[in-house]
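J.: The structure that follows is given in the form of structure tokens.
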Amino acid sequence: MALFSSVFFVFLFISACSSESSSENSLLITEQSAANLDRKLQNAEDIEENIINSYARLAAKRSDVCPKLIQEALGSQVIERTSEVMVNKHCDYFLYPREGQRISVSVNDRQIEALLIVPALHNFANGDYKVDSYDKHVIRLSYSGATYKPKNLVYDVAVTVSS
């Protein structure tokens, strides 16, 4: 009986030690899996962002397609888009200004509201926006008139990016 109980306790001790080790291993594997999943998710988000920017770069060549990627020409602070056509309720413009620059937007139609929606919410009717970090900035022009929006609203917009 004593021999049987000794063997039983040794067996119990060995199984307890091995379960701790396996639980530590499973925890390590779970953490690695989570890190891999986060990395894959970030890569997928980066790819999606690149696709959106590629589409916006192509859309910048047309007046009736949104969203658009806009870039300042060398030596110029003003990005002018004339005879733009707002087909839907709004049109987004992507811009990558440098930290410390100021952005202002003017539109030739008072029925169009100009807002910065990414990385922060800012109404350009209240003045310029000071850029805090180099990041994607999304300017949204939307129809805010008192009557129904025309099917194809034509407007001019000027985005000024100054140091």
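J.: With (1) modelled with pLDDT of 95 or more; (2) open to solvent by 70 Å² or more (accessible area, probe 1.4 Å); (3) under 29 Å from N50 (Cβ atoms); (4) not β-branched (V, I, T) as the list, and N108 as the residue in question, which single condition is left unmet?
T.: (3)
J.: For region 67-85, what are the residues that are in contact with a strand residue (DSSP E or B) (Cβ under 8 Å, 6 or more places away or on another chain) and modelled with pLDDT under 90? Write out each step before concluding.
T.: Step one: filter region 67-85 for residues in contact with a strand residue (DSSP E or B) (Cβ under 8 Å, 6 or more places away or on another chain), giving 67-73, 77-85.
Within region 67-85, Q71, E72, A73 meet the criteria.
J.: What's the number of the only condition in (1) open to solvent by 40 Å² or more (accessible area, probe 1.4 Å); (2) within 21 Å of K61 (Cβ to Cβ); (3) in contact (Cβ under 8 Å) with a residue 12 or more places away in the chain; (4) aliphatic (A, V, I, L, M) that V161 fails to meet?
T.: (1)
J.: If you don't mind, another one. Of the residues K89, K130, K68, which is basic (K, R) and open to solvent by less than 70 Å² (accessible area, probe 1.4 Å)?
T.: K68
J.: A follow-up question, please. Based on what the data block shows, is R102 within 17 Å of the chain's Cα centre (by Cα), modelled with pLDDT of 80 or more and of a type in the set (K, R)? Walk me through how you get there before you give the answer.
T.: Values: within 17 Å of the chain's Cα centre (by Cα): no; modelled with pLDDT of 80 or more: yes; of a type in the set (K, R): yes.
When the stated conditions are applied, R102 does not pass them.
J.: Would you confirm, using the coordinates I've provided, whether E49 is within 20 Å of V118 (Cβ to Cβ) and open to solvent by 20 Å² or more (accessible area, probe 1.4 Å)?
T.: Values: within 20 Å of V118 (Cβ to Cβ): yes; open to solvent by 20 Å² or more (accessible area, probe 1.4 Å): yes.
Judged against the criteria, E49 is a match.
J.: Now for a separate question. Got a number for residues in region 71-82 being in contact (Cβ under 8 Å) with a residue 60 or more places away in the chain and open to solvent by less than 70 Å² (accessible area, probe 1.4 Å)? Break it down stepwise before answering.
T.: If we filter region 71-82 for residues that are in contact (Cβ under 8 Å) with a residue 60 or more places away in the chain, which is where we start, we get 72, 77-82.
Remaining after also requiring open to solvent by less than 70 Å² (accessible area, probe 1.4 Å): 72, 78-79, 81.
Number satisfying all stated conditions: 4.
J.: Moving on. Given the criterion modelled with pLDDT under 55, in a helix (DSSP H, G or I), more than 41 Å from the chain's Cα centre (by Cα) and among the hydroxyl-bearing types (S, T, Y), identify the matching residue among S5, S15, S22.
T.: Residue meeting the stated conditions: S5.
The values are calculated or read from the model by the stated rules, or taken from the named source; none is laboratory data. Just so it is clear, the model here is predicted, and its values are computed rather than measured. Positions of Cβ are generated from backbone atoms using ideal geometry, with glycine treated the same way; all protein chains shown enter the neighbour counts. Remember, those area values only see protein heavy atoms, side chains included, never the ligands or the DNA or RNA. Shrake-Rupley method; radii C 1.70, N 1.55, O 1.52, S 1.80 Å.
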